[in-house]
1. Report the label-to-label distance for Gln257 and Arg79 in nanometres (one decimal), using points 7 Å from each Cα along the Cα→Cβ vector.
2. Under a 5 Å amide H to amide H cut-off, with H placed in plane at 1.01 Å, what residues pair with Leu190 once short-range neighbours are removed?
3. Give, as ranges by residue number, the residues of the stretch 237-266 whose backbone N falls under 19 Å from the point 7 Å along Cα→Cβ of Asp211.
4. Sticking with the crude label model, points 7 Å out along Cα→Cβ, report the distance from Leu193 to Glu276 in nm, one decimal please.
5. Can you compute 3J(HN,Hα) from phi for each residue in the stretch 267-280, using the Karplus curve 6.51 cos²θ - 1.76 cosθ + 1.60 with θ = phi - 60°, rounded to whole Hz and x for Gly and Pro?
6. Which one, Pro248, Phe279, His236, is farthest towards the positive end of the dipole of the stretch 192-325 when Lys and Arg carry +1 and Asp and Glu -1 on their Cβ?
7. Can you list residues whose amide H is under 5 Å from Trp228's amide H, if they're 5+ apart or on another chain and H is modeled 1.01 Å from N?
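Any read-out appearing in this document is the output of simple, stated calculations on the displayed coordinates, not a laboratory observation. Since the structure is predicted, the reported quantities are computational estimates derived from the model, not experimental observations. Cβ sites come from the backbone with ideal geometry, for glycine too, and all protein chains shown count toward neighbours.
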Amino acid sequence: MGRAYYRFGQDVALRLPNGQAFALQDAELGAIFGEAETPVCSLRGAFSAKSFYGLVARGVIPPHPDLQALAQPVTVKLRLNEDLAKNVGKDAPTLNQAGRRLSLNSLTDEFARKLLMMEAWHFVWAKPLGDMLPPSSKPSENNAGISSGAMDDAQEAIITEMVTDMASELWLAAEEAGSAALPPDLASPLSLLDAVMLFFEEEEWDWETADASEGLFRTVYDGQNGSWMCYTRILHELDQVLFYSVCPVSVPASALQRMTEYLCRVNADLSLGNFELDFSHNAVRFRTGVDVTDVGLAPLLFRNLAYQNLAVMDLYLPEILGIVSGKQSTGPSA
């Protein structure tokens with residue numbers, strides 16, 4: 001029986017079926033290899049308090065009132081479903097390669113896409129960040145009031161040092177054993193057009209070319225608060241990609257001043273993207289964009305760009321329509 005670990009140098013984004021991502025910080029992929037064909041694979045890391053509460057609210061993680069009351073990052077352990085674990089490998093080099101593939105977050109890699117879905121993992125335990133032991137391993141007191149697993153400070157320091165040294169040695173061994181080059185199809189970046197087309201294909205979006213010479217594509221998105229037209233524009237000469245959501249109704253001339261003030265107020269609170277008012281058509285649209293000069297466009301990056309855009313338009317669409325109809329004031333709701 002053997003063990004191997006792969007420590008990621010970045011956050012790992014685990015996704016729900018609706019595309020929403022939750023960042024697992026300081027993530028480490030581990031596996032226990034034995035005589036069985038399928039290794040036991042786990043993923044450890046920390047969710048921010050906000051992400052942890054969000055996953056609890058969505059039923060992904062069982063409620064933990066004691067942890068939720070702490071309002072601090074939470075370390076979790078997840079175990080990979082057995083049908084996927086069998087594809088991870090049987091030794092440290094193959095685990096190391098699997099970790100590298102996950103780090104790329106590439107939609108061209110079906111294996112990585114499946115493992116980056118939250119549904120591929122099931123919850124094992126959670127504990128406050130910095131707590132060395134999982135809940136099941138913590139000392140408890142017997143009926144006589146004597147601690148059945150108590151350790152003094154010196155013993156705890158020795159055990160902690162031993163565990164840390166073992167983990168470091170296994171990690172270094174996995175790094176050395178898995179230093180082989182990545183497969184060619186994972187190392188070559190996609191063109192802007194290919195990355196966008198792959199996103200449409202993977203998300204099963206119906207799209208059409210609005211202007212091929214301008215790199216303009218359009219589709220219709222159905223949100224919770226309405227449906228609207230979306231446009232993707234590829235600026236090849238600038239290595240930029242823009243994504244637009246366009247309000248389904250134009251703004252009447254009588255409401256232009258109120259709409260302008262409203263959009264300025266909303267933009268002041270946005271961290272990504274901005275609303276625009278096209279006065280030539282009295283159209284409200286929301287824009288997000290990215291410059292990928294010298295780095296290429298990862299399909300997952302374009303996915304984030306698009307879904308962030310759609311979420312913002314869906315959130316503010318009722319108030320925008322309210323201004324168009326004259327029922328909404330210029331101040332956005334809290």
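1. Going from the Gln257 label point to the Arg79 one covers 6.6 nm.
2. Leu297
3. Only 237-247 pass the distance filter.
4. According to this spin-label approximation, the distance is 2.3 nm.
5. 4, 5, 9, 8, 8, 9, x, 7, 7, 10, 10, 7, 6, 6
6. Ranked along the dipole, the leading option is Phe279.
7. Tyr221, Gly223
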